[in-house]
Amino acid sequence: MDGSGWRPVKRTRTFEDVLAQIERRIAEDGLTVGDRLPAERQLAEQLGVSRSSVREAMRVLETLGVVSSQVGRGPDAGAVLTSRPDSALTDLLRLHLGLASLEMREVIDTRHMIEQWAAAHAAALAASGRADTSGLTAALAGMDAARTAEEFVEHDTAFHCAIADASGNRLIAAIMRSLRDSMRRYSVEAVQRLGDTSILRADHVRILEAIEGGRADEAVRAVSEHLAHAYPSLFPAG
């Protein structure tokens with residue numbers, strides 16, 4: 001990646017302009033995960049800005065999970081493009097839950113809506129032989145072998161993320177991981193309150209069978225009933 005495609009940025013809002021330039025070059029150069037951006041000094045020279053402006057832009061990109069900073073010289077210098085689209089959102093959701101600026105009801109409602117969509121689309125893909133449900137099967141086996149609530153939730157999370165993966169929509173899958181990871185502590189507490197996980201296991205089996213059978217409507221109903229079993233206070237009967 002040379003400097004021929006860089007344009008000097010305007011002095012106003014320098015930090016935002018640096019971000020915009022980096023985003024443009026990523027798109028125009030067809031850069032992908034694992035590719036390296038120029039070193040901080042080289043970027044500053046090519047963009048005609050201070051190194052502090054480049055450094056600030058890189059901090060934002062690293063926080064968002066777009067790049068990972070690398071320490072080194074020569075070919076080892078510069079930030080590497082990474083793929084963590086769910087990481088920043090997970091941290092943000094967890095923070096807002098902790099501050100009570102988001103309620104668990106809102107998170108569960110969002111998860112409910114997304115997971116219904118994902119289950120329906122995964123079932124539609126399965127009906128045409130294009131859905132990979134191996135992740136659901138593996139997660140179900142993990143739940144069966146779990147000895148603690150924490151272990152059960154780990155595999156339960158994998159199961160529901162696998163539904164999103166099977167839907168074929170990578171953004172939906174990233175959002176689902178963020179939602180599940182941000183509420184992990186609450187999920188463990190819910191399993192501990194429930195005690196017996198046999199109902200949850202039966203729900204998972206029903207979801208899996210509906211998806212594998214290509215029955216979208218049944219998969220959607222199974223997801224709704226499962227969440228009602230896992231969070232009865234948020235899904236009151238009636």
- Cross-chain or 6+ apart pairs with Cβ under 9 Å, the range 50-79 first and closer than 17 Å to A20 by Cβ and open to solvent by 40 Å² or more (accessible area, probe 1.4 Å), then among the basic types (K, R) and modelled with pLDDT under 75: L64/R84; V66/R84
- Does the range 45-56 contain at least one residue that is among the β-branched types (V, I, T) and modelled with pLDDT of 85 or more? yes
- Message: So, in the range 126-145, how many residues would count as being buried (at least 19 other Cβ atoms within 10 Å of the Cβ) and part of a helix (DSSP H, G or I)?
- Response: 5
- Looking at the range 132-158, which of its residues are out of contact with any Ser or Thr (no Cβ under 9 Å at 6 or more places or on another chain) and closer than 23 Å to A120 by Cα? D132, T133, S134, G135, L136, T137, A138, L140, A141, H155, A158
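Within the range 44-54, track down each residue that is within 30 Å of the chain's Cα centre (by Cα) and either part of a loop (DSSP other than H, G, I, E, B) or of a type outside the set (V, I, T) (or both).
In the first step, residues of the range 44-54 are kept if they are within 30 Å of the chain's Cα centre (by Cα); the result is 53-54.
If the condition is that a residue be within 30 Å of the chain's Cα centre (by Cα) and either part of a loop (DSSP other than H, G, I, E, B) or of a type outside the set (V, I, T) (or both), then S53 is the only one that fits.
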- Item | A145 being more than 19 Å from H229 (Cα to Cα), touching a helix residue (DSSP H, G or I) at 6+ places or on another chain (Cβ under 9 Å), among the small types (G, A, S) and touching a residue at least 12 places away in the same chain (Cβ under 8 Å) | no
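In the range 146-171, how many are more than 16 Å from V188 (Cα to Cα) and outside any helix (DSSP H, G or I)?
Let us first name the residues in the range 146-171 that are more than 16 Å from V188 (Cα to Cα), namely 161-171.
In the following step, the residues that additionally are outside any helix (DSSP H, G or I) were identified as 167-169.
Counting residues in the range 146-171 that are more than 16 Å from V188 (Cα to Cα) and outside any helix (DSSP H, G or I) gives 3.
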- Message: List pairs: first residue in the range 151-165 and without any contact (Cβ under 8 Å) to a residue 60 or more places away in the chain and under 16 Å from T133 (Cβ atoms), second residue open to solvent by 10 Å² or more (accessible area, probe 1.4 Å) and not in a helix (DSSP H, G or I) anywhere in the structure, Cβ distance under 8 angstrom, at least six positions apart or on different chains.
- Response: H155/A146; A162/T133; D165/D132
- Query: Which ones in the range 21-39 are outside any loop (DSSP other than H, G, I, E, B) and open to solvent by 50 Å² or more (accessible area, probe 1.4 Å)?
  - Reply: E23, A27, E28, R36
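Do the conditions hold for M176, that is, is it of a type outside the set (D, E, K, R), closer than 30 Å to V60 by Cβ, surrounded by fewer than 19 Cβ atoms within 10 Å (Cβ to Cβ) and touching a helix residue (DSSP H, G or I) at 6+ places or on another chain (Cβ under 7 Å)? Explain how you work it out, then say what you get.
Details: of a type outside the set (D, E, K, R): yes; closer than 30 Å to V60 by Cβ: yes; surrounded by fewer than 19 Cβ atoms within 10 Å (Cβ to Cβ): no; touching a helix residue (DSSP H, G or I) at 6+ places or on another chain (Cβ under 7 Å): yes.
So M176 fails the test.
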- Message: When you scan the range 104-113, do you find a residue that is assigned to a helix (DSSP H, G or I), modelled with pLDDT under 85, within 18 Å of D181 (Cβ to Cβ) and among the polar types (S, T, N, Q), even just one?
- Response: no
- Note on the structure: Expected output for the range 15-29 (first residue farther than 15 Å from G5 by Cβ, partner crowded, with 18+ Cβ neighbours inside 10 Å and of a type in the set (S, T, N, Q), Cβ below 8 Å, 6+ apart or cross-chain) is F15/S53
- Task: Six or more apart or on different chains, Cβ under 9 Å: which pairs go from a residue in the range 214-238 that's part of a helix (DSSP H, G or I) and modelled with pLDDT of 95 or more to one that's open to solvent by 30 Å² or more (accessible area, probe 1.4 Å) and β-branched (V, I, T)? Could you list them?
- Result: H226/I199
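The values are calculated or read from the model by the stated rules, or taken from the named source; none is laboratory data. Predicted model only: the values in this text are computed from it and were never measured. Counting neighbours? That spans all protein chains shown, and the Cβs are built from the backbone with ideal geometry, glycine included. These accessible areas exclude ligands, DNA and RNA; they are computed on the full protein's heavy atoms, side chains included. Shrake-Rupley method; radii C 1.70, N 1.55, O 1.52, S 1.80 Å.
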